[in-house]
Amino acid sequence: MAQSSTCFSVYVALYFVVITLPAFIFATPAHSTSNAQPLLQPYDFLFYSGVRAYFNEDWGKAAELLEKSILAKESLFRVRRKCHDACGSAGKEALDRLDSERGNLWDLLALDWLQKKAECLRFCIGRWVTPTGQLPVSVDIEYEFSSRNPYNFLQVTYYKLEKFQKAASAAHTFFIANPSHLEMRNNIEKYRRMEGVTQEDFQDREIGNEKHWVLYDAAVHHEASSDWAPAAETWKACVNETLHQTEECRVQCEVASQALPEDRGAGSVFEKAAALSLSLLACRQYCVTQVAMRPGRISAHEDFLPSQLEHLHIAQFKAGDISGAVQTLRTLLLFYPSDKNSLDNLQLYSETLGGAAETEATTPNQDIVSYISQSLQEKKLLYFGMENFDFNFVDPDLWTPEDVVPESLRDRWRAEKEKLNEKLKEGDWQEEVDDSGFYAGGPVPQVGVTIAMDNELLNGTNRVVLDGVMTEEECGRILHLANAAGSAGDGYKGRRSPHTPHETFEGLTVLRAAKLAQDGLLNQTDARLLYELGERVRTLLESYFRSPSGLFMSFTHLVCRSATAGDQEGRLDLSHPVHVDNCLLEPDTRQCWREQPAFIHRDLSAVLYLNDNFDGGDLFFTSRDAKTVTARVSPSCGRLVGFSSGPVNPHGVTAVTSGRRCALALWFTKERPYRDMEREEAEALWDMDKQVKSDEEEEAKSAGNARSQARQQKRESRGRVTGARDEL
């Protein structure tokens, strides 16, 4: 079949085109189905209808439609899988004859095979799904469901319906994929305290798609406890489940409806067919990344399957299953055949078994052999498309052998692979680099301010602690301002902290302070001091960090955190979890993604402390793993901590276990459009008050002059009358 194999990939492409043309062309009409059950509706339509009912506060209807949208999506995926399996043998007679035929007859047989299989898939799916339900959904809908947003709507809906157990389950399911969603964390804590809600109610409803991660975590736990037999068993199950989830993803790529590309090729059906087939092959390849990404994460676990095999063979060896360890190691060598550590381990296992003959008879895992063979065939076609069709493909695997890559692409491929390997080997290198443009060590322009800790003492880059920035009297005034503003501040008085259920939280901004002072609820001078402290800190840090450009205030917030009475025993959480101010920190991969919802415009951060009469509440810096503490700072009146806002400075706050911790949090930016407009509003408010006061003084002065002149005229008038009377 060497002659015919040249054009075989063209027919593979044609097969993909035939089965993925817009579904409304091919779907069997609903009335022709023999099923008694109604056909599946489009899950995107059900979701939008549910959201519409939600905003109309029709809670019962919203819950029904949102649940139906989730069920419809799951059912659609099951139908696709069922039809894929049912149509596996379609056209088999023609396929079996391909190896023995040549020329035009081979062409006709290949086309017959492709057409029969495509027709089988169209008919099968049409029996279960409406024509519109077969159409591809938008990218927005894919994002809504991948981020589990339907469960966000559901938890509010069930709360309104007073179905708190279902609300707790929906909240937990959403939170698994959105672990930094502070409001949902607070909601979950509220549900835990509700009568009738038990721990069993907090179930991840999407666990069926994440079984491999459950097994992964369990295997790691067994390893940490040196329970090697259960660890080996769990790692093996994790490998099998990872293969299963990858295959499920690849099936969806093949069977799901796709639109033909409109901007590929010069109009030739074969070129467009090639472009579509390459897109589908890329989709199948990217399943590796999709399966290796935890819910709520923004990057995948590199080398996910090979790394599991690495864990598995070690656990098997330590559990005494040498034969199993040899098989796993031989499987791992399929990915990295020249890896020295694996070859050394194989030699060790061989000696333990009693010779090379025993190990030679052990074959690798055949499922993984098949997986690798299929993946390599796909990669060859994709790299061919890159070379000849200008197709864009980024190989998700580190183990891809060089001979798969065309010679013309190898230099670029090697450079990209080397760059990625260096990042993996030197995971901490990024921690030493700060591209903020700041350079610590400049002068401190305020008399009485001293440097208490610098980069060296704080074990980091662009960090400083300055003492004496405020006097005791100024600290007292701002604390008094915080107390006076309490219930009228930013609306946080008495509310639990957005970061922990064991603390309450109060806040006050400069603009809010100015308005309260205008209303006579706060001291005007103290409100002005709050504003002036921001300028004082800006001047100090702009000088010390030798800012290459001017700094603008981005946000100023007076924050007080108070320990909740009787709610501190056995507390293990933090007052503020470890985070980075201008990017999304991912501790597992040590990456920090400068994207929304992070405050990507922040360049410099600062905390100005007001008191120390509380327990806990220390600021601490960590490495990017969010675990290794590199420095700790204890608060005191007038102490200022300044640091660049980027990934070199992950930080958090330890739990406040008693008392009340107050501080002024400040952020600065180099970009004028992101300056704090509230400060300018406060300035305008004060200027207006000043103008009003000036006008009132002027009016008072004018009125005083008028009254004085009137009194003089009255006296003169009275004198004239008296004189006349005398004369009379």
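Evaluating LEU260 against the criteria (1) touching a helix residue (DSSP H, G or I) at 6+ places or on another chain (Cβ under 8 Å); (2) within 19 Å of LEU381 (Cβ to Cβ); (3) open to solvent by 50 Å² or more (accessible area, probe 1.4 Å); (4) modelled with pLDDT of 90 or more leaves one unmet condition, (4). Residue count for segment 626-682, restricted to those that are without any contact (Cβ under 8 Å) to a residue 60 or more places away in the chain and over 30 Å from the mean Cα position of the chain (by Cα): 3. In segment 456-477, of all residues being assigned to a loop (DSSP other than H, G, I, E, B) and of a type outside the set (Val, Ile, Thr), the one that is farthest from THR630 (Cα to Cα) corresponds to MET470.
Inspection of segment 547-559 finds no residue satisfying the criterion of being open to solvent by 40 Å² or more (accessible area, probe 1.4 Å) and β-branched (Val, Ile, Thr). Within segment 560-573, the set of residues being within 30 Å of ARG297 (Cα to Cα) and buried (at least 19 other Cβ atoms within 10 Å of the Cβ) comprises just one member, ARG561. Against the numbered list (1) closer than 25 Å to GLU223 by Cα; (2) not in a loop (DSSP other than H, G, I, E, B), GLU302 comes up short only at (2). Inspect segment 85-102 for any residue being open to solvent by less than 90 Å² (accessible area, probe 1.4 Å), at pLDDT 90 or above, in the same structural domain as LYS163 (by the TED database) and within 21 Å of PHE145 (Cβ to Cβ) and give the result as yes or no. Checked segment 85-102: no residue is open to solvent by less than 90 Å² (accessible area, probe 1.4 Å), at pLDDT 90 or above, in the same structural domain as LYS163 (by the TED database) and within 21 Å of PHE145 (Cβ to Cβ). When restricted to residues that are in a strand (DSSP E or B) and under 24 Å from CYS592 (Cα atoms), segment 658-680 contains 5.
Condition check ((1) open to solvent by less than 50 Å² (accessible area, probe 1.4 Å); (2) assigned by the TED database to the domain that holds GLU142; (3) at pLDDT 90 or above) across all residues:
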residue: ASN178; (1), (2), (3): yes, yes, no
residue: ILE188; (1), (2), (3): yes, yes, no
residue: GLU195; (1), (2), (3): no, yes, no
residue: TRP228; (1), (2), (3): no, no, yes
residue: ALA237; (1), (2), (3): yes, no, yes
residue: CYS253; (1), (2), (3): yes, no, yes
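Of the residues making up segment 650-657, none is touching a helix residue (DSSP H, G or I) at 6+ places or on another chain (Cβ under 9 Å), assigned to a strand (DSSP E or B) and either at pLDDT 90 or above or not assigned by the TED database to the domain that holds PHE552 (or both). Filtered by the rule that a residue be buried (at least 18 other Cβ atoms within 10 Å of the Cβ), free of Cβ contacts under 8 Å to residues at least 60 places away in the same chain and more than 21 Å from the chain's Cα centre (by Cα), segment 120-163 gives CYS120, CYS124, TYR159.
If you filter segment 141-180 down to residues that are part of a loop (DSSP other than H, G, I, E, B) and touching a helix residue (DSSP H, G or I) at 6+ places or on another chain (Cβ under 7 Å), you find that the one that is farthest from ASP581 (Cα to Cα) is LEU161. For segment 285-304, residues that are open to solvent by less than 20 Å² (accessible area, probe 1.4 Å) and either not assigned by the TED database to the domain that holds ASN345 or not small (Gly, Ala, Ser) (or both) total 4. Out of LEU516, LEU522, LEU558, one residue alone is part of a helix (DSSP H, G or I) and either in contact (Cβ under 8 Å) with a residue 24 or more places away in the chain or basic (Lys, Arg) (or both). It is LEU516.
The values are calculated or read from the model by the stated rules, or taken from the named source; none is laboratory data. Just so it is clear, the structure is predicted and the values come from calculations on it, not from any experiment. With ideal geometry, Cβ positions are generated from the backbone for all residues, glycine too; neighbour counts draw on all protein chains shown. Heads up: the accessible areas ignore ligands, DNA and RNA and are worked out on the full protein's heavy atoms, side chains in. Shrake-Rupley method; radii C 1.70, N 1.55, O 1.52, S 1.80 Å.
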